[in-house]
Structure formats: structure tokens, C-alpha cells
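**Q** Quick one: this structure, given as C-alpha cells, is what I'll be asking you about.
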Amino acid sequence: MVKTAAFATPPPVAEPSTLSLRRVAIDTWRENVAYLHRDCPVYRAEGFQALSKVEVRANGRRVLATLNVVDDESLVGCRELGLCEDAFAQLGVDNGHPAAISQAEPPGSIPALHRKIAGERLGHDDFRAIVRDIADHRYSKIELTAFVVASHKGDLDREEVYFLTDAMVESGRRLDWHERLVVDKHCIGGIPGNRTSMLVLPIVAAHGMLFPKTSSRAITSPAGTADTMEVLAEVELPFERLAEIVREHRGCLAWGGTADLSPADDVLISVERPLSIDSPGQMVASILSKKVAAGSTHLLLDIPVGPTAKVRSMPEAQRLRKLFEYVAGRLGLVIDVVITDGRQPIGSGIGPVLEARDALRVLECDPRAPNDLRQKALRLAGRLLEFDPDVRGGDGFAIARDILDSGRALAKMDAIVRAQGARPFDHNAPQLGGLSFTVSAAAAGVVTAIDNQQIARIARLAGAPKVQGAGVDLARKLGETVEAGEPLYRVHAEYGADLEFARQASARGSGYTIGGADELPHVFVEF
């Protein structure tokens, strides 16, 4: 009798496990985050680890995310897959939609990252691979940090800065306005109250030049241009609507986050800001990639120089200028770099409502308008107007002044504000925070220094820019005399805790130095 071998029945092939999606209302700031319960059967079966990269698929779409493990079913249940707000929005589904999760493949650019960490010089294809993986959210925060620190420590050479910038342009959409001359203006930052864009834009647009201004929100400052414009009008508009406004009014002033321009830059900024890393190469790549992607053909760049500005000396400013000019030239972008006075804040108000008040006063030629803001805006607008081949060199300032003084700039700004969706605002009685205190001079003398960083910090502690009416209203500027007990500035806040934080900070250091007129710092201006 022949015995036949007994074979066990093979187990059925398991279908891919699906979980129910759940939107977790956590803002993770430019990082896709997924949440699984520790007792989730998929978590145990797949061998996931916290902080590993996972791929989530639903609705024919996929997102890459960093995994967080939770133990509280009120956050995410055992049969649920949680996603942070940004990641959830990318899938375009409702709560409860089925989704699958799996381990994500390691980024293909990791070998190039390791070479940069080792101090090697990378090529164009290396940067393309790294930036593509960053834009696709394949890098963890640790890997992103390693790239940012390695690039900062190794100080990218000018070729590498060009490679990085070009790769960042390629990572998102690139706009084409189908015009020969598309202008933009940018300041490298670090100067509170420097809201010249809200004046330069309507002047240049009223002249007829195309000026699609997409601006950022504040990250470490008391207000970004988009935060201040939001006091007057909507700034978060679909790109298609913004394009209509630009075509009709020759300009816009909106938040740039909806246009998908250089998306890798937004991811890198989420790491650079907490580390306070703003190396020249990364700054150039960040600024120029956004401008080129936005379709700009001509750019005016403002580099303020001063003791508490980002750039502290003229030699440093000249080196940065040359780097901007080299990379812009390689990208086919015409650039005019100006070095300006960065010794103190520009204008009187610091914070969204106060800065909007100052800008409107300049546009309306109000005698209370801060003259330094008016003069700087006119000089910048004049330089931009001189990109127009029909404007002779040196004539731009006079043309800009005529457009402003005639009311044409105000009319243009009013039209753009209405097109974007006007919000009620009375600059004669702005909606400032209901709580306030005054910082006064301890001694008589001349204002010889104003610390940009300390004044910005006090304004942020008071609540700006999250609280639009919070901020600092300056009463004295450089070179002005003051008697003991006279006000230097007034701080506005909406909440008692914010007011107290700002009060404590100003008590530790007002940000003002009072001395003799001969102690005023030297000014670097190239207008």
C-alpha cells in the first residue's frame, strides 16, 4: 500500500488591511504625520516603528507621512488611521473613508545626503534628487535637519547654490504670465515695520507694469506682508482667482501658499526657522526659487544693513549681493540689488494693524504718515519703474512720487483690495488691542540705537501677528531728542498674559539706547 504524502492546506492570502481614516486636528507645520493606535492589528503585523516613514493610500491618491504611535483611543481607535490636517486635506476624502498604510521606500537620494554630510561637493543631479525627495515628503525631520545643517556648515559654493535653486524651481509649478516684463520686489527681512511692498505694488501697477506679488506670512517676525494685507483684504485665494485679479488690475498682494511655488522651500523653512539657520546659500535659493517659479523676469532685492539687521556690515552685504547676482544670472532673471538703511524699524507701527495704518497714511498722503516709509517706498518703486525701457535711468523716483501724490496709487490699491475681498478697516481708529502700556525714556538725550530684534520680540510677545491689533507703536526714531519720562513707544495687546510677557521683556531691555548725537551709527545706503 502506497502512502501518499499529506500536505497542509495553505492559509488564504490576506487581503490588504484597510483602516478608517480620521482627521486629527493637529497643525504639524509642513510635516505630514500619521497616527496609529499601539494595539492596532496593522501596526503589530507590519512592524511599524514610531517616527518611521509610511505611505497612506486612499481615493486613488497617496501621501507620505511620519508615523506617530498613540495609546489613547479618543485620539485614534484601534481600527483607525489618523492623519494631521495637512495630510488629510491632500487625500481629498471625508472622515471614515477606507485607507491602506504600508512602509515607505527609503528616499533614493540618501547616498547624496550622506556625501553632503561628509563635506563633499554635490552635482546638479544630486540636488535634483534631494529636493525631489524633500518636496515629496520622503525625508524625516531628522534627515531634513541633517541636510540643512550640512549645507550650512559646509557653506555651499556658488555653483551648488545655483544647483539647489534650480532644483527647487523644478520641484513645483512654474508660472508663465506671457508678458515680456514681470516685476517683483523682495527684502531679505529682519527689519520690523518694513511694509514697503504695500506701497511699491500699487505705484508700479498704476504705471502699468505687471506685478503679481505673492508674499509670505510671518514666521519669526511680528508681521509678514501677507499678515498686514490681510487686515485690509483676503489673501488666501485660489490661484485662478489671483490670476484674474492680476490680469485685470496688473497686480495682487496675496499669500503665496496656494500657488505650489517651490514647495521644497516651505518644507526646508520648517526646519531652518527653529534652528535659526539662514545661511547665505540657503537664503539665495529660497528667495530666487520662489521668484523664478512665480514667473518673474525682473527682481529688485533689498538688503538692509545695520547693527541688529540680518546683515551687519557692508562687506557682508557686497558678498551676498554678488551671490544673488550670479545665481539670478544663471537662471535668466534680471536682478537689481540695493543696500539700504537697516539701523532701525521702518515706519512707526510694528504689527499687522499698525503697519496697515502706516501704509494707508502714506497712500493717502496723510501728514501723519511716517516719512521714512514713504521715502524708502518711493525709491524702491523708482528703481522698479526703471526696468521699463521707456523710463530713463534716474527718472523713476519722480515718476513714482507723481503716481503717489496724484492719488493714482491709492486708487489702484483700493481696486486691488476690493478685487481680493475688502475687509472693514478705519486707519483713523484702528482696532488695536484693548490693553496697552508705555515704555518711557529713563534719561534725556538723543536716540542713538534701536534694537530691531528686541522691538520685534516685544511685539511678538504682545501677540503679533496672530492678534492683528497687537504690536508696538514707536514714538521716537534714531537721532530724535527725548526727555526723561517721555514715551519711546506704546505696546498694544489683546490678552493680559501677552501684555505681561511684553512688559517683562521691555523691562529687561527697552531696545532703545539714549546718548549723544555723535554716537549715532554710520548709515549704509545706496539709493
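We did not get these values from a lab; they are worked out from the coordinates using the rules stated. All values reported here derive from a predicted model rather than from experimental measurement. Note that each Cβ is placed from the backbone with ideal geometry, even for glycine, and that neighbours are counted across all protein chains shown.
**Q** Can you give the angle from 0 to 90° between the axis of helix 141-154 and the longest principal axis of the chain, with both taken from C-alpha atoms, to the nearest 10?
**A** Taking the Cα atoms of the chain, the angle to 141-154 is about 50 degrees.
**Q** Now for a separate question. Can you bin the stretch 383-527 into rounded, prolate or oblate? Criterion: square roots of the alpha carbon gyration tensor eigenvalues sorted a ≥ b ≥ c, rounded for a/c under 1.5, prolate for a/b above b/c, oblate for the rest.
**A** Oblate, since a/c reaches 1.5 and b/c is not below a/b.
**Q** Additional query: List the pair-distance distribution P(r) of the stretch 435-519, using every Cα-Cα distance, as the percent of pairs falling in each 5 Å bin from 0 up to the bin containing the longest distance, rounded to whole percents.
**A** 3, 17, 27, 23, 16, 9, 4, 1, 0
**Q** Could you pull out every residue, at least 5 positions away or on a different chain, whose amide H is within less than 5 Å of the one on Leu21? Hs are placed 1.01 Å off N in the peptide plane, and Pro or chain starts have none.
**A** Those qualifying (amide H under 5 Å, at least 5 residues apart or on another chain) are Leu81, Gly96, His97, Ala99.
**Q** Tell me, what ³J(HN,Hα) does each residue in the stretch 23-34 have, in order and in whole Hz, if you take phi through Karplus 6.51 cos²θ - 1.76 cosθ + 1.60 with θ = phi - 60° and put x for Gly and Pro?
**A** Once rounded to whole Hz, the list reads 6, 9, 6, 10, 8, 9, 6, 6, 10, 6, 10, 10.
**Q** Once each part is reduced to its C-alpha centroid, what is the distance from the stretch 460-527 to the stretch 14-81 in angstrom?
**A** One Cα centre to the other: 47 Å.
**Q** Okay, moving on. Could you give me the ³J(HN,Hα) list for the stretch 224-240, computed from phi with Karplus coefficients 6.51, -1.76, 1.60 and θ = phi - 60°, whole Hz, x at Gly and Pro?
**A** x, 4, 5, 5, 6, 4, 5, 5, 9, 7, 5, 10, 9, 10, x, 4, 4
**Q** Classify the stretch 249-307 from the C-alpha gyration tensor, please: rounded if a/c falls under 1.5, else prolate or oblate depending on whether a/b exceeds b/c.
**A** oblate
**Q** If I fit a long axis through the Cα atoms of helix 408-420 and take the longest principal axis of the Cα atoms of the chain, what angle between them do I get, 0 to 90°, rounded to 10?
**A** Relative to the chain, helix 408-420 is tipped by roughly 20 degrees.
**Q** Could you put Lys116, Lys466 in order, starting from the residue whose Cβ has the fewest other Cβ atoms within 10 Å?
**A** Ascending number of Cβ neighbours within 10 Å: Lys466, Lys116.
**Q** Moving on to the next point. Quick one: of the DSSP bridges fully inside the chain, what percent are antiparallel, nearest 5?
**A** Given both bridge residues lie in the chain, the antiparallel proportion sits at roughly 55 percent.
**Q** For the stretch 435-519, what's the relative contact order in percent, using C-alpha pairs closer than 8 Å and at least 6 residues apart?
**A** Contact order relative to length: 47 percent.
**Q** Cα to Cα, under 25 Å, and not fewer than 8 places away if on the same chain: which lysines meet these conditions relative to Lys376?
**A** Lys185, Lys213, Lys290, Lys291, Lys310, Lys322, Lys412, Lys477
**Q** Rounded, prolate or oblate: which one fits the stretch 19-103, using the alpha carbon gyration tensor with axes a ≥ b ≥ c (rounded when a/c is under 1.5, else prolate when a/b beats b/c, else oblate)?
**A** Since a/c stays below 1.5, the shape of the stretch 19-103 is classed as rounded.
**Q** Also: How big is the convex hull of the Cα atoms of the stretch 117-234, per residue, in Å³?
**A** 164 Å³
**Q** By the scheme Lys and Arg +1, Asp and Glu -1, what is the net charge of all other residues having a beta-carbon under 13 Å from that of Ile458?
**A** +1
**Q** At 222 nm, what helix-only mean residue ellipticity would the chain give, in deg cm²/dmol to the nearest 500, using -39500 (n - 2.57) for each DSSP H run of four or more?
**A** -12000 deg cm²/dmol
**Q** Continuing with this model, one more query. Ala150: net charge of surrounding residues, Cβ under 10 Å, Lys/Arg +1, Asp/Glu -1, itself excluded?
**A** Within the 10 Å Cβ shell, the charges total +2.
**Q** I've got another one for you. Take the alpha-carbon centre of the stretch 123-147, take the same for the stretch 352-370, and report the distance between them in whole Å.
**A** 43 Å
**Q** Roughly how many whole Å is it from the C-alpha centroid of the stretch 380-458 to that of the stretch 237-314?
**A** One Cα centre to the other: 19 Å.
**Q** On a 0 to 90° scale, report how tilted helix 396-405 is relative to the longest principal axis of the chain, with both axes built from alpha carbons and the result rounded to the nearest 10.
**A** The angle comes out near 80 degrees.
**Q** Give me the lysines in straight-line cross-link reach of Lys141: C-alpha distance below 17 Å, same-chain residues under 8 apart excluded.
**A** Reachable lysines: Lys53, Lys116.
**Q** With a cap of 14 neighbouring Cβ atoms within 10 Å, and only residues DSSP puts in a loop, list the GluC sites (Glu not before Pro) found in the stretch 107-171.
**A** Passing sites in the stretch 107-171 are Glu120.
**Q** Translational D (Stokes-Einstein, µm²/s) of the chain at 10 °C and 1.306 mPa s when Rh comes from the Kirkwood sum over C-alpha pairs?
**A** 63 µm²/s
**Q** Could you please rank Met168, Met209, placing first whichever residue has the fewest other Cβ atoms within 10 Å of its Cβ?
**A** Met209, Met168
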